[in-house]
1. Read through the list (1) at pLDDT 80 or above; (2) within 26 Å of residue 105 (Cα to Cα), then give the number of the only condition that residue 38 fails.
2. Scan segment 140-159 for residues that are under 27 Å from residue 78 (Cα atoms) and in contact with a helix residue (DSSP H, G or I) (Cβ under 7 Å, 6 or more places away or on another chain) and jot them down.
3. Could you pull out the residue among 147, 166, 142 that is exposed (fewer than 15 other Cβ atoms within 10 Å of the Cβ), assigned to a loop (DSSP other than H, G, I, E, B) and in contact (Cβ under 8 Å) with a residue 40 or more places away in the chain?
4. Since residue 58 meets every condition but one in (1) under 25 Å from residue 185 (Cβ atoms); (2) in contact (Cβ under 8 Å) with a residue 12 or more places away in the chain; (3) in a helix (DSSP H, G or I), which condition does it not meet?
5. On the basis of being surrounded by 16 or more Cβ atoms within 10 Å (Cβ to Cβ), assigned to a loop (DSSP other than H, G, I, E, B) and at pLDDT below 95, does residue 33 make the cut?
6. From (1) over 28 Å from residue 226 (Cβ atoms); (2) in a strand (DSSP E or B), pick out the condition that doesn't hold for residue 133.
7. Name the residue that is surrounded by the fewest Cβ atoms within 10 Å (Cβ to Cβ), counting only residues in segment 181-194 that are in contact with a helix residue (DSSP H, G or I) (Cβ under 9 Å, 6 or more places away or on another chain) and assigned to a strand (DSSP E or B).
């Protein structure tokens, strides 16, 4: 795929969307929703959690090398994998440099069927995860930085499975609150992304993980409130615009595959 084609696709998709009402309402409700999630959580409310809190992680750990092979195949067309800020303009602040790319299999409950066909083993494994919200290959380029931020809700837990690591993995780190962590191939890093966190790849190599978001296990009232909040997010422009942008990037990926076949 030519650099001009990628730049053209990126320019077409990158836009600044004003969402003042959604942002105001979301910020107003986030504190209350997080308090409900904290009060009704069935798992600890620590910033970082053991993978054993989610038994399904063991099944993916057993197949991590197969998952890594599929991720490596996707990277053959790395320039056709969209930067996160092109998928979601709402992430412009934290992904504005274009060095964080995301190959989505599932996003907020929506399957991306073409991508699932390109990574069938991974797709089948994540499809069986209870209360799955999103799953994608998260690609962090050499030297990339994701500034300090926090996710929208404590009702989701984020799980990272290390796949393709720099030779010095300890130089590619994520700080959660005040603690530094790094990824290791075949191992999970599970955390509450409603806590402040930031990422730095201080190496000259790429870092690739499988990022899985699942609903936090909660008692009945918490689960009901969380499901209601996620229902609203799923139907918001935040998600629907991202789905449309992914569909446009599909054309770029198909072209890359045709070029390879030729």
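The values are calculated or read from the model by the stated rules, or taken from the named source; none is laboratory data. These figures come from a predicted structure and were not determined experimentally. Heads up, the Cβs are rebuilt from the backbone with ideal geometry, glycines too, and the neighbour counts pull from every protein chain shown.
1. (2)
2. Of everything in segment 140-159, those that are under 27 Å from residue 78 (Cα atoms) and in contact with a helix residue (DSSP H, G or I) (Cβ under 7 Å, 6 or more places away or on another chain) turn out to be 146, 147, 149, 159.
3. Values: 147 fails: assigned to a loop (DSSP other than H, G, I, E, B); 166 fails: exposed (fewer than 15 other Cβ atoms within 10 Å of the Cβ).
Residue meeting the stated conditions: 142.
4. With (1) under 25 Å from residue 185 (Cβ atoms); (2) in contact (Cβ under 8 Å) with a residue 12 or more places away in the chain; (3) in a helix (DSSP H, G or I) applied to residue 58, the lone miss is (2).
5. Numbers: surrounded by 16 or more Cβ atoms within 10 Å (Cβ to Cβ): yes; assigned to a loop (DSSP other than H, G, I, E, B): no; at pLDDT below 95: yes.
So residue 33 fails the test.
6. Unmet condition: (1).
7. Step by step, filter segment 181-194, then rank; the result is 182.
Residues checked against (1) in contact with a strand residue (DSSP E or B) (Cβ under 9 Å, 6 or more places away or on another chain); (2) without any contact (Cβ under 8 Å) to a residue 60 or more places away in the chain:
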site: 193; (1), (2): yes, yes
site: 204; (1), (2): no, no
site: 209; (1), (2): yes, no
site: 214; (1), (2): yes, no
site: 225; (1), (2): yes, no
site: 234; (1), (2): yes, no
site: 245; (1), (2): no, no
site: 249; (1), (2): no, no
site: 260; (1), (2): no, no
